[in-house]
Amino acid sequence: MINGGRNISVSIIIPAYEEGHHIYRNLLVIDDEVGRFCDDYEIIVVDDGSSDTTAAEAKRAAAESSNIKVISCRTNGGKGQAIRLGFRCVSKEFVTFLDADLDIPPKQVECLLKAMAEDAADVVIQSKRHPDSIVNGFPLKRKLLSRAYSLIIKTLFRLPVGDTQVGVKMYHRDVLEKIMPKLLVKRYAFDVEQLVLAHKYGFSIMESPVHIDFNPSGDRMGMKDIFHIAWDTSAVFYRLNILKYYDRDEDEYHQHDELADVKVDHLT
């Protein structure tokens, strides 16, 4: 229960790729932590075509908790596609995303739920630049890249937030039902496209603090990733301002469902 005894529910979508070495333990940690502050929740794990034991280890965790569901894709389609597939299985009032490596503790979900309930926002995102945030071990290179990217996002999209890249965000389910059919980015600027559309359609967005203990072993950012982030971000700007893709009639987005072509082996 959150906020004076109000019963609320949350779906937690976890995209996972090559996380077999720790996903079993991490899922049980998430389940235990969330269960301490929320009575009605589900954890939806989407194995994004991993070649290791991610799917098997996630299913092993699901066998121990009825709150955990597992979707397994045959091929890797990127974080954006994994989250969109996971969203098709949600059943709760609020929806959030967590990374499988636990860089951000699952207890942070409680802060998001409280902020959502108390401030009646449509979207709550945690920001490294919030004055109450605690960020440990973040390397200088990542700090500089993050600040530069935030400045670019502010300039291109006029978003009312200072940080779009923290992995955990919470949406009212109605927001995602509106924007999910229109999302095209599968990998590098998926978070940005979500927030751009939420802002475009008039949903309220607020920031809250975050506590991050950065894990250097999980840092896979390289020059190739930076290029793809820039490319995907430019594509969002082009679709928004030049192509006017996001202004089309609602029915046009449903004419071709690209997720229908994704091979899903099983759902538990």
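Bear in mind these aren't lab numbers, they're just calculated from the coordinates by the rules spelled out. Since the structure is predicted, the reported quantities are computational estimates derived from the model, not experimental observations. Because the Cβ atoms are built from the backbone with ideal geometry, glycine has one as well, and the counts that use them run over all protein chains shown.
Which of Val124, Val45 has the fewest other C-beta atoms within 10 Å, and how do the rest follow up to the most?
Working: Val124 26, Val45 32.
In increasing order of surrounding Cβ atoms, one gets Val124, Val45.
Most mobile of Thr53, Thr155, Thr75 per a Gaussian network model of the chain (Cα springs, under 10 Å)?
Between Thr53, Thr155, Thr75, it is Thr155 that shows the largest mean-square fluctuation.
Run through the DSSP bridge list for the chain and note the antiparallel percent, rounded to the nearest 5.
Roughly 30 percent of the beta bridges in the chain run antiparallel, per DSSP.
Can you tell me which of His211, His172, His21 moves the most in a GNM of the chain? Springs connect C-alpha atoms under 10 Å apart.
His21
When the Cα centres of segment 1-71 and segment 109-150 are compared, how far apart do they sit, in Å?
Centre-to-centre distance over Cα atoms comes out at 22 Å.
If we count other beta carbons within 10 Å of each Cβ, what is the order of Leu112, Leu85, Leu144, fewest first?
Numbers: Leu112 24, Leu85 21, Leu144 10.
Exposure proxy ranking, most exposed first: Leu144, Leu85, Leu112.
Placing +1 on the Cβ of each Lys and Arg and -1 on the Cβ of each Asp and Glu in the chain, which of Gly86, Val161, Ala55 has its Cα farthest towards the positive end of the resulting dipole?
Sorting the options by dipole projection puts first Val161.
Fewest first, what order do Asp247, Asp101 take by the number of other Cβ atoms within 10 Å? Before the final figure, lay out the partial values.
On the way: Asp247 9, Asp101 15.
Final ranking by Cβ density, sparse to dense: Asp247, Asp101.
Per 0.36 nm of contour for each residue apart, how much would the distance between Thr75 and Met206 grow if the chain were fully extended, relative to their Cα-Cα spacing?
Values: separation 131, 0.36 × 131 = 47.16 nm, distance 3.49 nm.
Gain on extension, Thr75 to Met206, equals 43.7 nm.
To the nearest 500 deg cm²/dmol, what mean residue ellipticity at 222 nm is calculated for the chain from DSSP H runs of n ≥ 4 alone, each contributing -39,500 (n - 2.57), summed and divided by the residues? Let's see the in-between values first.
Numbers: 9 runs with 98 residues, N = 268.
It comes out at -11000 deg cm²/dmol, rounded to the nearest 500.
Per 0.36 nm of contour for each residue apart, how much would the distance between Glu250 and Asp101 grow if the chain were fully extended, relative to their Cα-Cα spacing? The partial results should precede the final answer.
Values: separation 149, 0.36 × 149 = 53.64 nm, distance 3.60 nm.
Additional length available on full extension: 50.0 nm.
With springs only between Cα atoms under 10 Å, which of Pro139, Pro105, Pro181 fluctuates most in a Gaussian network model of the chain?
Pro139
Show me the trypsin sites (Lys or Arg not before Pro) within segment 115-201 that DSSP assigns to loop and that have at most 10 other Cβ atoms within 10 Å of their Cβ. Walk me through the numbers on the way to the answer.
Values: sites: Lys128, Arg129, Lys141, Arg142, Lys143, Arg147, Lys154, Arg158, Lys169, Arg173, Lys178, Lys182, Lys186, Arg187, Lys200; in loops: Lys128, Arg129, Arg158, Lys186, Arg187.
In loop regions of segment 115-201 (DSSP not H, G, I, E or B), the sparsely surrounded trypsin sites (Lys or Arg not before Pro) are Arg158.
How much net charge surrounds Lys143 when only the other residues with a Cβ under 12 Å from the Cβ of Lys143 are counted, with Lys and Arg +1 and Asp and Glu -1? Numbers along the way, then the final one.
Numbers: positive: Lys128, Arg129, Lys141, Arg142, Arg147; negative: Asp163.
Within the 12 Å Cβ shell, the charges total +4.
Report, for segment 1-157, the % of DSSP beta bridges that are antiparallel, rounded to 5. Please report the intermediate quantities before stating the final value.
On the way: 1 of 18 bridges.
Of those bridges, close to 5 percent are antiparallel.
How large are Rg and Dmax for segment 26-116 when only the alpha carbon atoms are used, in Å?
According to the Cα coordinates of segment 26-116, Rg and Dmax are 12.9, 38 Å.
Which shape class applies to the chain: rounded if a/c is under 1.5, otherwise prolate when a/b exceeds b/c and oblate if not, where a ≥ b ≥ c are the square roots of the Cα gyration tensor eigenvalues? Intermediate values should be presented prior to the final figure.
On the way: a/c = 1.23, a/b = 1.15, b/c = 1.07.
Judged from the Cα gyration tensor, the chain comes out rounded (a/c under 1.5).
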